[in-house]
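Notes for the one structure printed next.
The values are calculated or read from the model by the stated rules, or taken from the named source; none is laboratory data. This one's a predicted model, so the numbers in the text were calculated from it and none came from an experiment. Counting neighbours? That spans all protein chains shown, and the Cβs are built from the backbone with ideal geometry, glycine included. Accessible surface areas use protein heavy atoms only, side chains included; no ligands, DNA or RNA. Shrake-Rupley method; radii C 1.70, N 1.55, O 1.52, S 1.80 Å.
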Amino acid sequence: MRSLLTSRIIFSFLLATTIAGCVTRVWTTAPRRVGIADGTINSPIKVHMRDGSTVVFTRGAHLSNGAVLGIGQAYPLLDDVNFKLRERVPLDSVVGVETFEGKALLAQSTALSIAGTALGAVGLAALAIAIFGSCPTIYADTGANATLQAEGFSYAIAPLLEHRDIDALNVHMDADGIIRLELRNEALETHFINNIELLAVSRTPGALVIPDQSGTIAMLSDIRELSAAHDRSGRDVRAALAKIDGELFASAPALVDRAHVGDLDDWLDIEADNLPPGDSVAVVMKLRNSLLNTVLLYDGILGGADAADWLTSGLQNIATALDVSRWYTRTMGMHLTVDGAGNTEHARLGDVGPIAFREVAVMLPRSSHNARHIKVRLRFVADDWRIDRAVIAAGVARPSSRVIPVARVIVPTPARGGPAAVDSAALRALRDADDKYLQTVPGQRMTLEFKPDARLRGDTAVTYLIAWQGWYREWIRGDWLAHPTRAEPWVPGDSAVSIALSRWRSKREGLERAFYSSRIPVR
């Protein structure tokens, strides 16, 4: 089992690709026609209906005259045994289409939570209008109410891309020494979660403990504000980056409007002075992505009738998948270069997703030993980031951490009724990074309980971080199939980004308002 997991992690590293905030699979770089013209879907699909039922087409299907055609097995809500044959499903009755493997995943088992499928319980209207895309989300009790803390493994878009994420948390321990987190599936996706655990780090007074760009925990000290910060358009943006206050940096609208193939980038030039002796620094940021990547995914990659086949065939060709990986790594994310330390890129921060802000440290060399001044260029596709704070940390340490496993999983409202219940199958699936996965579907939530060592109780100088691992599968919306936004195969490159940027500009305000108000309610 461990060798399989290791191979997944290695492959995930090689395919360090993907569109932030909920994408699915990897796509070939060569133009391939996979049924766009005639609407043929060769892959097995599950068609999720507005009434909570599911129609399974194990041999694929055909899109014609606003309907999915084929030999389908229709299962009622909460029934995976009894079915009726169905040959036609109108697209206007479809919530989403999910691809699935025609055979069992190699050496992988899945635990179905007693939460069951919640599709029929969360409200058909909410499902019908949902455009919210997110990976698994974690909420925590901060002492007042449950607040969004993190979205997990944003780039794990397929089984072979499974990886581990680490996010710092703001949590409240109750009088019995228990930390409770709420795991939610608020998106039209199926999540396969391998492992969740807490990491406890004792920090020195005044230090900040967060992950770096590679997911390694860093303890940061001697944090100072920037002495200068300007974007590509020449704006002084130091005030917007000075503190966590909701005043976000975003690319200047005029610069975004001018972006085109061959020149898509914006950048920030930031500086810090009077650094103490040393060889390195960390750029510390609290940030998230805009919805640009979401538009690239929804209107571009998944915007054609061939989307289902893209989701199941892309990983079969490792060479083309690596081509996509190289393109995405070269184009997207944030690329950091230290002035005076050579012209090569010194670090890259991958996209973190559009939902939860993440605090992250990017480790960088100084231009010379004990340099007192540093200037860093942060380069990225225009309007891809929203940054709440950016500062420099001159002190960097690598602390040790203590692992706190999940102690209990509680389902507040089991799908088949009854009071809150302990879910032992979910607990077994989440305790270790192995071949067991917890599968969740839209509308589900569950409470995870952790019991830190007694020595940690009452210690205010402890930072807790969540470490979680898994992958997920995006659902193709029925409306996307009924009204495709492209007729040709999707090809990665500057042109694809430019098209997405143009569409994003045209509907940014309305899309943001709808996107952040349309999370699927959980039960």
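Going through region 226-237 one residue at a time, which ones are more than 28 Å from the chain's Cα centre (by Cα) and open to solvent by 30 Å² or more (accessible area, probe 1.4 Å)? Please lay out each step first, then the result.
The initial filter retains those residues of region 226-237 that are more than 28 Å from the chain's Cα centre (by Cα), namely 226-230, 233-236.
Correct list: S227, H230, S233, G234, R235, D236.
Taking only region 406-433 into account, find how many residues are more than 27 Å from G350 (Cβ to Cβ), touching a strand residue (DSSP E or B) at 6+ places or on another chain (Cβ under 7 Å) and of a type outside the set (D, E, K, R). Step through it out loud before you land on a result.
Initially, region 406-433 is screened for residues more than 27 Å from G350 (Cβ to Cβ), giving 407-428, 431.
Those still in the list that are touching a strand residue (DSSP E or B) at 6+ places or on another chain (Cβ under 7 Å) too: 407-412, 414, 420-423, 425-428, 431.
Filter again for of a type outside the set (D, E, K, R), leaving 407, 409-412, 414, 420-422, 425-427.
Matching residues across region 406-433 total 12.
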Would a scan of region 467-486 turn up a residue that is of a type in the set (S, T, Y), under 30 Å from A259 (Cα atoms) and open to solvent by 20 Å² or more (accessible area, probe 1.4 Å)?
yes
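Quick check: is even one residue across region 160-174 in a loop (DSSP other than H, G, I, E, B), at pLDDT 85 or above and charged (D, E, K, R)?
Scanning region 160-174, I find at least one residue that is in a loop (DSSP other than H, G, I, E, B), at pLDDT 85 or above and charged (D, E, K, R), so the answer is yes.
Kindly check whether there is at least one residue in region 241-249 that is touching a residue at least 12 places away in the same chain (Cβ under 8 Å), closer than 26 Å to H373 by Cα, outside any helix (DSSP H, G or I) and of a type in the set (D, E, K, R).
First, pick out the residues of region 241-249 that are touching a residue at least 12 places away in the same chain (Cβ under 8 Å): 241-249.
When the remaining residues are screened for being closer than 26 Å to H373 by Cα, the result is 241-244, 248-249.
Narrowing the set further to residues that are outside any helix (DSSP H, G or I) leaves 242-244, 248-249.
Subsequent filtering for residues that are of a type in the set (D, E, K, R) retains 243.
So far as region 241-249 goes, yes, one or more of its residues are touching a residue at least 12 places away in the same chain (Cβ under 8 Å), closer than 26 Å to H373 by Cα, outside any helix (DSSP H, G or I) and of a type in the set (D, E, K, R).
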Can you confirm whether region 365-383 contains a residue that is over 24 Å from S325 (Cβ atoms), in contact (Cβ under 8 Å) with a residue 24 or more places away in the chain, within 22 Å of the chain's Cα centre (by Cα) and surrounded by 23 or more Cβ atoms within 10 Å (Cβ to Cβ)?
no
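Residues S517, S502, S495: which one is out of contact with any Gly (no Cβ under 7 Å at 6 or more places or on another chain), of a type in the set (S, T, N, Q), surrounded by fewer than 16 Cβ atoms within 10 Å (Cβ to Cβ) and farther than 27 Å from S325 by Cα? Steps first, answer last, please.
On the way: S502 fails: farther than 27 Å from S325 by Cα; S495 fails: farther than 27 Å from S325 by Cα.
Selected residue: S517, the only one of S517, S502, S495 that is out of contact with any Gly (no Cβ under 7 Å at 6 or more places or on another chain), of a type in the set (S, T, N, Q), surrounded by fewer than 16 Cβ atoms within 10 Å (Cβ to Cβ) and farther than 27 Å from S325 by Cα.
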Please go through region 193-206 and give me each residue that is within 23 Å of G458 (Cβ to Cβ), open to solvent by less than 60 Å² (accessible area, probe 1.4 Å) and of a type outside the set (D, E, K, R), ordered by number.
L198, L199, A200, V201, S202
Any idea which residue in region 436-456 is least open to solvent (accessible area, probe 1.4 Å), counting only those that are under 20 Å from Y139 (Cβ atoms) and over 24 Å from the mean Cα position of the chain (by Cα)?
P452
Can you pull out every residue in region 65-88 that is aliphatic (A, V, I, L, M) and surrounded by fewer than 14 Cβ atoms within 10 Å (Cβ to Cβ)?
I71, V81, L85
Select from region 471-519 the residues that are under 30 Å from H163 (Cα atoms) and of a type in the set (D, E, K, R) and write down the one among them that is farthest from the chain's Cα centre (by Cα).
D494
Does L188 count as open to solvent by less than 10 Å² (accessible area, probe 1.4 Å) and out of contact with any Ser or Thr (no Cβ under 9 Å at 6 or more places or on another chain)?
yes
Note: among A433, A421, just one is of a type outside the set (S, T, Y), in contact with a Leu (Cβ under 9 Å, 6 or more places away or on another chain) and surrounded by fewer than 22 Cβ atoms within 10 Å (Cβ to Cβ), namely A433
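Among the residues of region 207-225, write down those that are part of a strand (DSSP E or B) and open to solvent by 30 Å² or more (accessible area, probe 1.4 Å). Working first, answer last.
Of the residues in region 207-225, the ones part of a strand (DSSP E or B) are 208-212, 217-224.
Of everything in region 207-225, those that are part of a strand (DSSP E or B) and open to solvent by 30 Å² or more (accessible area, probe 1.4 Å) turn out to be L208, S221, D222, I223, R224.
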If you check every pair at least six apart or on different chains, which have Cβ atoms under 6 Å apart with a residue in region 329-348 that is within 15 Å of V362 (Cβ to Cβ) and in contact (Cβ under 8 Å) with a residue 40 or more places away in the chain first and a residue that is β-branched (V, I, T) and surrounded by 19 or more Cβ atoms within 10 Å (Cβ to Cβ) second?
L336/V362; L336/V376; A347/V362
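Does A115 count as surrounded by 16 or more Cβ atoms within 10 Å (Cβ to Cβ) and at pLDDT 90 or above?
Spelling it out, it is not the case that A115 is surrounded by 16 or more Cβ atoms within 10 Å (Cβ to Cβ) and at pLDDT 90 or above.
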Please pick out the residue among E271, E189, E247, E197 that is within 30 Å of M49 (Cα to Cα) and not hydroxyl-bearing (S, T, Y).
E189
Which count do you get for residues in region 385-436 that are in contact with a helix residue (DSSP H, G or I) (Cβ under 7 Å, 6 or more places away or on another chain) and not in a loop (DSSP other than H, G, I, E, B)?
8
S251 passes all but one of the listed conditions (1) under 18 Å from the mean Cα position of the chain (by Cα); (2) surrounded by 15 or more Cβ atoms within 10 Å (Cβ to Cβ); (3) among the small types (G, A, S); the exception is number (1)
On the basis of being more than 21 Å from E162 (Cα to Cα) and surrounded by fewer than 17 Cβ atoms within 10 Å (Cβ to Cβ), does P405 make the cut?
no
Please state which of the following conditions N170 fails to meet, knowing it meets all the rest: (1) in contact with a strand residue (DSSP E or B) (Cβ under 6 Å, 6 or more places away or on another chain); (2) within 19 Å of L456 (Cβ to Cβ); (3) among the polar types (S, T, N, Q); (4) without any contact (Cβ under 8 Å) to a residue 60 or more places away in the chain.
(1)
Odd one out for G510 among (1) at pLDDT 95 or above; (2) surrounded by fewer than 14 Cβ atoms within 10 Å (Cβ to Cβ)
(1)
Which numbered condition trips up W468, out of (1) assigned to a strand (DSSP E or B); (2) out of contact with any Gly (no Cβ under 7 Å at 6 or more places or on another chain); (3) among the hydrophobic types (A, V, I, L, M, F, W, C)?
(2)
